[in-house]
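Encoded as structure tokens, the structure appears first; notes follow it.
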Amino acid sequence: MTAKIIALEEHYADAELTATFDGADAAKAPAIRERLEDVGALRLKEMDQAGIMLQVLSHNSPATQNLEATRAVPMARGVNDRLHAIVRSQPTRFAAFAALPTDDPVAAAEELERAVTALQFKGAMLHGRSRGEWLDHPRFLPIFERAAALDVPLYLHPSNPHPDVVRAYYSDYAKDHPMLVRAAWGYTVETATQAIRLVLGNVFEKHPTLKIVLGHLGETLPFLLERIDESLSRNPKFGRSFRQKFCRHFYVTTSGNFSTPALLCSIMELGIDRVLFSVDWPYIENDKGVEWMARVPLSQDDKDKILFGNAKRLLHL
Ligand code: MN
């Protein structure tokens, strides 16, 4: 087992931000809450047991995407300052993705720059739509512009589907199968839709060096890349550019999806340099991910790229 492993989608909870979401904290299982709130001994013990050297910390969902601008701007600043103090307490074990006040895109771009330049953060995590708005709306362009200029990735994390979608698609099964709305399917559709919309919204034409990260081995998109690309190419003006843009701008992590067939599919579509190890701790246990990677039928060189090499390059570690 290597002790160099870097994991990118590892969550914690900021008490002040969490307190703004009525009931979001209480709905979580006690063992999850305990771990989200722990940024010391328990977290480090479980990292050590699995051989994870570095967690890139990000807030869990919900996050600042749910807050309107006047609350989100000072909140994100406070969240990032407190996260910076956490990283400084364990500078060899933790790094960070910023929380951004997306409801004020210009302020969000400024906060991203402050987080990267003054706090040494490695990028930012965005939790779904910003107060209901898809992020490909032109008003959010300042955030993508700044991420590209700073050469840091934006990690698109799942969040709850639109309430109308929940009602129309899932409500009759949600009582017996609450995870259907979330990790089993609803999150995936929501997040994959956001990624497709970023490609269609010409965000990458405007920012040709922009880097986007998706968890869960790409939220099904590597598996569907050929079908999406072929059918969108029936618009002759668009042509075969979906595959080209997806492969040029997107990275995927293994968070919460320790499937060898899905991993091999992602590598075959995106290339070995675009797949990065993550756990999605504390929702998933560290050792499950590390033990799975040990069994994956890849060379040690390729495993090392996934486990830490690609992250070092993408995050400038
Ligand atoms: Mn997650």
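The values are calculated or read from the model by the stated rules, or taken from the named source; none is laboratory data. Bear in mind that the values here come from a model prediction, so they are computed numbers and not experimental data. Every residue, glycine as well, gets a Cβ built from its backbone with ideal geometry; the counts of neighbours run over all protein chains shown. The accessibility values were calculated without ligands, DNA or RNA, using every heavy atom of the protein model including side chains. Shrake-Rupley method; radii C 1.70, N 1.55, O 1.52, S 1.80 Å.
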Considering each residue of region 254-300, count those that are surrounded by fewer than 16 Cβ atoms within 10 Å (Cβ to Cβ), of a type in the set (S, T, N, Q) and within 16 Å of the ligand (Cβ to nearest atom), and give that number.
-> 0
Among what's in region 203-215 and is in contact with a helix residue (DSSP H, G or I) (Cβ under 7 Å, 6 or more places away or on another chain) and under 15 Å from VAL275 (Cα atoms), pick the residue that is farthest from the ligand (Cβ to nearest atom).
-> LYS211
Odd one out for GLU226 among (1) surrounded by 15 or more Cβ atoms within 10 Å (Cβ to Cβ); (2) out of contact with any His (no Cβ under 8 Å at 6 or more places or on another chain) | (1)
Show the residue pairs that are 6+ apart or on different chains and have beta-carbon atoms under 7 Å apart, the first residue being within region 74-91 and in contact (Cβ under 8 Å) with a residue 12 or more places away in the chain, the second being open to solvent by 30 Å² or more (accessible area, probe 1.4 Å) and hydrophobic (A, V, I, L, M, F, W, C).
-> ILE86/VAL39
Does GLY218 satisfy the criteria of being open to solvent by 10 Å² or more (accessible area, probe 1.4 Å) and at positive phi?
-> no
Residues of region 112-133 satisfying the condition of being surrounded by fewer than 16 Cβ atoms within 10 Å (Cβ to Cβ) and under 23 Å from THR193 (Cα atoms) | ARG131, GLY132, GLU133
Any idea how many residues of region 219-245 are closer than 28 Å to ASP280 by Cα and in contact with a helix residue (DSSP H, G or I) (Cβ under 6 Å, 6 or more places away or on another chain)?
-> 10
Boolean, GLY186 is of a type outside the set (S, T, N, Q) and away from the ligand (no atom under 16 Å from the Cβ) | no
From the option list ASP151, ASP176, single residue qualifying as farther than 26 Å from ARG77 by Cβ and either surrounded by fewer than 14 Cβ atoms within 10 Å (Cβ to Cβ) or without any contact (Cβ under 8 Å) to a residue 24 or more places away in the chain (or both) is ASP176
PHE242 fails exactly one of the following numbered conditions: (1) under 19 Å from the mean Cα position of the chain (by Cα); (2) under 14 Å from GLU205 (Cα atoms). What is the number of that condition?
-> (1)
If you check LEU200 against the conditions, is it over 21 Å from THR64 (Cα atoms) and away from the ligand (no atom under 14 Å from the Cβ)?
-> yes
(1) out of contact with any Asp or Glu (no Cβ under 8 Å at 6 or more places or on another chain); (2) farther than 24 Å from ALA148 by Cβ: which one isn't true of GLN49, the others all being true?
-> (1)
Report, by residue number, each residue of region 229-253 that is hydroxyl-bearing (Ser, Thr, Tyr) and open to solvent by 40 Å² or more (accessible area, probe 1.4 Å).
-> SER231
So how many residues does region 139-149 have that are aliphatic (A, V, I, L, M) and either more than 22 Å from GLY215 (Cα to Cα) or over 18 Å from the mean Cα position of the chain (by Cα) (or both)?
-> 2
If you go through region 222-238 one residue at a time, do you hit one that is within 15 Å of the chain's Cα centre (by Cα) and either closer than 22 Å to PRO138 by Cβ or within 15 Å of the ligand (Cβ to nearest atom) (or both)?
-> no
